[in-house]
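Some notes on the structure that comes next.
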Amino acid sequence: AFREGPSAGHWLGTTQSGRDVFALTLHGAQQSLLVGLLAAVLSTAFAAVAGTVAGFAGGWVDRTVMWGVDLLLVLPSFLIVIVLAPRLSGGAMLAPLLAAFMWMVTARMVRSMTISVREREHVLAARFLGVGAPRVIVRHVLPRLASLLAVDVSLSVSVAIVAESGLSYLGFGVRPPDVTLGTVIAEGQGAAVARPWMFGFAAGLLVLIVVAVNLLGDGLRDVLDPEGGR
(Lines give C-alpha, C1' and ligand atoms only; values in the text may rest on other atoms or scores of the structure.)
Protein backbone atom coordinates (compact mmCIF):
# COMPACT_ATOMS: atom_id res chain seq x y z
CA ALA A 1 0.00 0.00 0.00
CA PHE A 2 2.46 2.63 -1.22
CA ARG A 3 1.31 6.25 -1.46
CA GLU A 4 -2.37 5.37 -1.32
CA GLY A 5 -4.94 8.10 -0.87
CA PRO A 6 -7.35 8.33 2.08
CA SER A 7 -9.62 5.31 2.38
CA ALA A 8 -11.59 3.30 4.93
CA GLY A 9 -8.50 1.24 5.66
CA HIS A 10 -6.14 4.21 5.82
CA TRP A 11 -7.98 7.35 6.89
CA LEU A 12 -5.23 9.71 5.77
CA GLY A 13 -3.58 7.50 3.20
CA THR A 14 -0.12 5.97 3.32
CA THR A 15 3.44 7.18 2.89
CA GLN A 16 5.87 6.27 0.15
CA SER A 17 7.11 3.43 2.37
CA GLY A 18 3.57 2.12 2.94
CA ARG A 19 3.03 3.30 6.52
CA ASP A 20 -0.35 4.60 7.68
CA VAL A 21 -0.19 8.41 7.86
CA PHE A 22 -2.84 8.71 10.60
CA ALA A 23 -1.11 6.24 12.95
CA LEU A 24 2.30 7.66 12.11
CA THR A 25 1.22 11.23 12.85
CA LEU A 26 -0.41 10.36 16.17
CA HIS A 27 2.70 8.50 17.26
CA GLY A 28 4.84 11.44 16.17
CA ALA A 29 2.64 13.85 18.12
CA GLN A 30 3.05 11.70 21.23
CA GLN A 31 6.83 11.77 20.88
CA SER A 32 6.89 15.54 20.25
CA LEU A 33 4.71 16.19 23.29
CA LEU A 34 6.92 14.02 25.50
CA VAL A 35 10.06 15.84 24.34
CA GLY A 36 8.35 19.21 24.81
CA LEU A 37 7.08 18.42 28.31
CA LEU A 38 10.41 17.02 29.48
CA ALA A 39 12.38 19.94 28.06
CA ALA A 40 9.95 22.47 29.59
CA VAL A 41 10.07 20.89 33.05
CA LEU A 42 13.87 20.67 32.98
CA SER A 43 14.33 24.26 31.77
CA THR A 44 11.97 25.63 34.41
CA ALA A 45 13.75 23.61 37.09
CA PHE A 46 17.11 25.02 35.94
CA ALA A 47 15.67 28.53 36.02
CA ALA A 48 14.15 28.06 39.47
CA VAL A 49 17.39 26.77 41.00
CA ALA A 50 19.69 29.31 39.37
CA GLY A 51 17.39 32.28 39.90
CA THR A 52 16.57 31.60 43.55
CA VAL A 53 20.18 30.84 44.48
CA ALA A 54 21.46 33.98 42.76
CA GLY A 55 18.74 36.24 44.11
CA PHE A 56 18.79 34.92 47.67
CA ALA A 57 22.56 34.62 48.11
CA GLY A 58 23.56 37.84 46.38
CA GLY A 59 27.18 38.95 46.28
CA TRP A 60 29.70 36.92 44.31
CA VAL A 61 27.27 34.01 43.91
CA ASP A 62 24.78 36.31 42.20
CA ARG A 63 27.45 37.80 39.95
CA THR A 64 28.84 34.38 39.00
CA VAL A 65 25.44 32.88 38.15
CA MET A 66 24.36 35.94 36.17
CA TRP A 67 27.67 35.91 34.30
CA GLY A 68 26.93 32.33 33.26
CA VAL A 69 23.40 33.32 32.21
CA ASP A 70 24.71 36.22 30.12
CA LEU A 71 27.28 33.94 28.49
CA LEU A 72 24.64 31.40 27.49
CA LEU A 73 22.39 34.15 26.14
CA VAL A 74 25.01 35.36 23.67
CA LEU A 75 26.03 31.89 22.48
CA PRO A 76 24.54 30.74 19.13
CA SER A 77 22.34 28.15 20.80
CA PHE A 78 20.71 26.85 17.61
CA LEU A 79 24.08 26.11 16.02
CA ILE A 80 25.31 24.37 19.16
CA VAL A 81 22.18 22.21 19.29
CA ILE A 82 22.60 21.31 15.61
CA VAL A 83 26.17 20.20 16.26
CA LEU A 84 25.40 18.18 19.40
CA ALA A 85 21.95 16.74 18.56
CA PRO A 86 23.13 14.16 15.96
CA ARG A 87 25.40 12.66 18.62
CA LEU A 88 22.42 11.93 20.86
CA SER A 89 20.05 9.01 20.51
CA GLY A 90 16.31 9.50 20.83
CA GLY A 91 14.06 12.29 22.04
CA ALA A 92 14.77 11.57 25.70
CA MET A 93 18.35 12.76 25.19
CA LEU A 94 17.32 15.68 22.98
CA ALA A 95 15.08 17.18 25.67
CA PRO A 96 17.91 18.02 28.14
CA LEU A 97 19.89 19.59 25.30
CA LEU A 98 16.96 21.85 24.39
CA ALA A 99 16.35 22.65 28.06
CA ALA A 100 19.97 23.75 28.49
CA PHE A 101 19.31 26.76 26.23
CA MET A 102 15.76 27.65 27.30
CA TRP A 103 16.05 28.64 30.96
CA MET A 104 18.12 31.84 31.03
CA VAL A 105 15.41 34.50 30.59
CA THR A 106 13.19 32.82 33.19
CA ALA A 107 16.15 32.62 35.58
CA ARG A 108 16.50 36.41 35.37
CA MET A 109 12.81 36.84 36.21
CA VAL A 110 13.07 34.39 39.12
CA ARG A 111 16.13 36.23 40.42
CA SER A 112 14.33 39.58 40.38
CA MET A 113 11.32 38.17 42.21
CA THR A 114 13.56 36.41 44.74
CA ILE A 115 15.39 39.66 45.52
CA SER A 116 12.01 41.31 46.15
CA VAL A 117 10.72 38.47 48.34
CA ARG A 118 13.87 38.14 50.46
CA GLU A 119 13.43 41.72 51.74
CA ARG A 120 9.90 41.13 53.07
CA GLU A 121 9.31 41.18 56.80
CA HIS A 122 8.39 37.53 57.31
CA VAL A 123 11.47 36.38 55.36
CA LEU A 124 13.76 38.71 57.30
CA ALA A 125 12.19 37.53 60.56
CA ALA A 126 12.80 33.89 59.66
CA ARG A 127 16.43 34.61 58.81
CA PHE A 128 16.96 36.56 62.05
CA LEU A 129 15.56 33.58 63.98
CA GLY A 130 18.28 31.40 62.51
CA VAL A 131 16.26 29.49 59.92
CA GLY A 132 18.58 28.08 57.26
CA ALA A 133 18.60 29.44 53.74
CA PRO A 134 17.33 26.22 52.06
CA ARG A 135 14.34 26.07 54.40
CA VAL A 136 13.56 29.76 53.90
CA ILE A 137 13.68 29.32 50.13
CA VAL A 138 11.40 26.28 50.18
CA ARG A 139 8.86 27.67 52.67
CA HIS A 140 8.78 31.37 51.80
CA VAL A 141 10.33 32.05 48.41
CA LEU A 142 9.24 29.21 46.12
CA PRO A 143 5.51 29.52 46.98
CA ARG A 144 5.69 33.13 45.74
CA LEU A 145 7.23 31.93 42.49
CA ALA A 146 4.79 29.06 41.90
CA SER A 147 2.55 30.95 39.47
CA LEU A 148 5.49 32.19 37.40
CA LEU A 149 7.04 28.72 37.20
CA ALA A 150 3.74 27.03 36.31
CA VAL A 151 3.11 29.46 33.47
CA ASP A 152 6.70 29.13 32.28
CA VAL A 153 6.38 25.35 32.02
CA SER A 154 3.24 25.59 29.92
CA LEU A 155 4.67 28.20 27.55
CA SER A 156 8.02 26.43 27.25
CA VAL A 157 6.30 23.28 26.01
CA SER A 158 5.32 24.95 22.74
CA VAL A 159 8.82 26.42 22.29
CA ALA A 160 10.40 23.01 22.83
CA ILE A 161 7.96 21.28 20.46
CA VAL A 162 8.64 23.78 17.68
CA ALA A 163 12.41 23.51 18.25
CA GLU A 164 12.34 19.70 18.25
CA SER A 165 10.13 19.59 15.14
CA GLY A 166 12.41 22.01 13.31
CA LEU A 167 15.53 20.03 14.19
CA SER A 168 13.90 16.73 13.20
CA TYR A 169 12.65 18.25 9.96
CA LEU A 170 16.18 19.34 9.09
CA GLY A 171 17.56 15.93 10.04
CA PHE A 172 19.40 17.02 13.19
CA GLY A 173 16.89 15.88 15.81
CA VAL A 174 15.05 12.60 16.24
CA ARG A 175 15.95 10.21 13.43
CA PRO A 176 14.26 7.09 12.02
CA PRO A 177 13.09 4.63 13.13
CA ASP A 178 11.84 7.04 15.84
CA VAL A 179 9.03 9.30 14.68
CA THR A 180 8.03 12.85 15.63
CA LEU A 181 5.92 15.46 13.90
CA GLY A 182 9.07 16.93 12.37
CA THR A 183 10.07 13.66 10.71
CA VAL A 184 6.53 13.08 9.42
CA ILE A 185 6.43 16.57 7.91
CA ALA A 186 9.87 16.08 6.37
CA GLU A 187 8.83 12.80 4.78
CA GLY A 188 5.70 14.29 3.25
CA GLN A 189 6.90 17.75 2.21
CA GLY A 190 8.21 16.57 -1.15
CA ALA A 191 4.71 15.50 -2.18
CA ALA A 192 2.78 18.25 -0.39
CA VAL A 193 1.01 19.34 -3.60
CA ALA A 194 0.37 15.98 -5.26
CA ARG A 195 -0.35 14.04 -2.04
CA PRO A 196 -1.31 16.58 0.64
CA TRP A 197 -2.43 13.89 3.10
CA MET A 198 1.21 12.97 3.66
CA PHE A 199 2.05 16.48 4.86
CA GLY A 200 -1.02 18.52 5.78
CA PHE A 201 -2.35 16.57 8.77
CA ALA A 202 0.98 16.53 10.62
CA ALA A 203 1.63 20.21 9.89
CA GLY A 204 -1.89 21.17 10.97
CA LEU A 205 -1.64 19.09 14.14
CA LEU A 206 1.66 20.79 15.03
CA VAL A 207 0.03 24.22 14.67
CA LEU A 208 -2.98 23.16 16.76
CA ILE A 209 -0.78 21.77 19.54
CA VAL A 210 1.31 24.96 19.72
CA VAL A 211 -1.79 27.18 19.76
CA ALA A 212 -3.50 25.01 22.39
CA VAL A 213 -0.46 25.02 24.67
CA ASN A 214 -0.10 28.81 24.35
CA LEU A 215 -3.78 29.29 25.19
CA LEU A 216 -3.32 27.02 28.21
CA GLY A 217 -0.37 29.12 29.34
CA ASP A 218 -2.37 32.34 28.98
CA GLY A 219 -5.23 30.80 30.95
CA LEU A 220 -2.91 29.66 33.74
CA ARG A 221 -1.39 33.13 33.91
CA ASP A 222 -4.83 34.73 34.25
CA VAL A 223 -5.86 32.27 36.97
CA LEU A 224 -2.65 32.17 39.00
CA ASP A 225 -1.60 35.78 38.53
CA PRO A 226 -4.64 37.87 37.57
CA GLU A 227 -2.89 41.19 38.18
CA GLY A 228 0.08 40.22 36.00
CA GLY A 229 -2.25 38.81 33.35
CA ARG A 230 -3.96 42.18 32.96
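The values are calculated or read from the model by the stated rules, or taken from the named source; none is laboratory data. Since this is a predicted model, take the numbers as computed values, not measurements. Quick reminder, even Gly has a Cβ in these numbers, built from the backbone with ideal geometry, and neighbours come from all protein chains shown. Areas reflect the complete protein model, heavy atoms only, side chains present, ligands, DNA and RNA absent. Shrake-Rupley method; radii C 1.70, N 1.55, O 1.52, S 1.80 Å.
Things to note:
- Residue check for ARG144: modelled with pLDDT of 90 or more, touching a helix residue (DSSP H, G or I) at 6+ places or on another chain (Cβ under 7 Å) and assigned to a helix (DSSP H, G or I): no
- Residue list for the stretch 194-230, filter: loosely packed, with under 13 Cβ neighbours inside 10 Å and at pLDDT 80 or above: GLY204, VAL207, LEU208, VAL211, ALA212, LEU215
- Total residues in the stretch 156-190, condition open to solvent by 50 Å² or more (accessible area, probe 1.4 Å) and at pLDDT 85 or above: 2
- In the stretch 127-151, the residues that are on the phi < 0 side of the Ramachandran plot form Cβ pairs under 6 Å with partners that are surrounded by 14 or more Cβ atoms within 10 Å (Cβ to Cβ) and part of a loop (DSSP other than H, G, I, E, B), at six or more places apart or across chains, as follows: SER147/ASP225.
- Of all residue pairs spaced 6 or more apart or on separate chains, those with beta-carbon atoms under 9 Å, a first member in the stretch 195-207 that is within 18 Å of ALA160 (Cβ to Cβ) and among the hydrophobic types (A, V, I, L, M, F, W, C) and a second member that is open to solvent by 30 Å² or more (accessible area, probe 1.4 Å) and at pLDDT 85 or above are LEU205/LEU26; LEU206/VAL162.
- Near pairs, Cβ below 8 angstrom, 6+ apart or cross-chain, from the stretch 64-90 (among the β-branched types (Val, Ile, Thr)) to any residue that is modelled with pLDDT under 90 and surrounded by fewer than 11 Cβ atoms within 10 Å (Cβ to Cβ): none
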